[in-house]
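Some notes on the structure that comes next.
The values are calculated or read from the model by the stated rules, or taken from the named source; none is laboratory data. In this text the structure is predicted, and so the values were computed from the model without any measurement. Cβ coordinates were reconstructed from backbone atoms using ideal geometry, including for glycine residues, and neighbour counts include every protein chain displayed.
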Amino acid sequence: MDNVRWLRPPDDGPSPEEKPCLVHSDDEWWEGTLVWEPVRRPDGLWWASVTYRKNGEVVTEERSQHDVRAR
C-alpha cells in the first residue's frame, strides 16, 4: 500500500493528540492510536491518521471513521 509508512515503536507512547482506538484491517481489529483530521473530507467522512501494530510490524495509514473504533 502506498500510504503505509513505518514509525516509532508504540513503546514510545502516544503523543498528547493521539487517542487509543481499534483499527479494522484484514478482517481483524488491531489496537492502535489515531489523530483525527480537523475537518471532514469532501466525501463527508471524518478521516484519521492511525498507527497500530499488525503481526509485529508498526503501521501508519489514513483511515475513515468506518475503520476505527474508540477504546
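Go through the residues of the stretch 48-60 one by one and say whether even a single one is β-branched (Val, Ile, Thr) and free of Cβ contacts under 8 Å to residues at least 24 places away in the same chain. Within the stretch 48-60, not a single residue is β-branched (Val, Ile, Thr) and free of Cβ contacts under 8 Å to residues at least 24 places away in the same chain. Cβ separations smaller than 6 Å between residues 6+ apart or across chains give the following pairs from the stretch 26-42 residues that are at negative phi to residues that are basic (Lys, Arg): Trp30/Lys54; Leu34/Lys19.
Yes or no, residue by residue, for (1) at pLDDT 95 or above; (2) touching a Phe, Trp or Tyr at 6+ places or on another chain (Cβ under 6 Å):
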site	(1), (2)
Val4	no, no
Asp12	no, no
Glu17	no, no
Val23	yes, yes
Trp29	yes, no
Leu34	yes, no
Asp67	yes, no
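Residues that are of a type in the set (Lys, Arg) and in a strand (DSSP E or B) within the stretch 51-71 comprise Arg53, Lys54, Arg63, Arg69, listed in sequence order.
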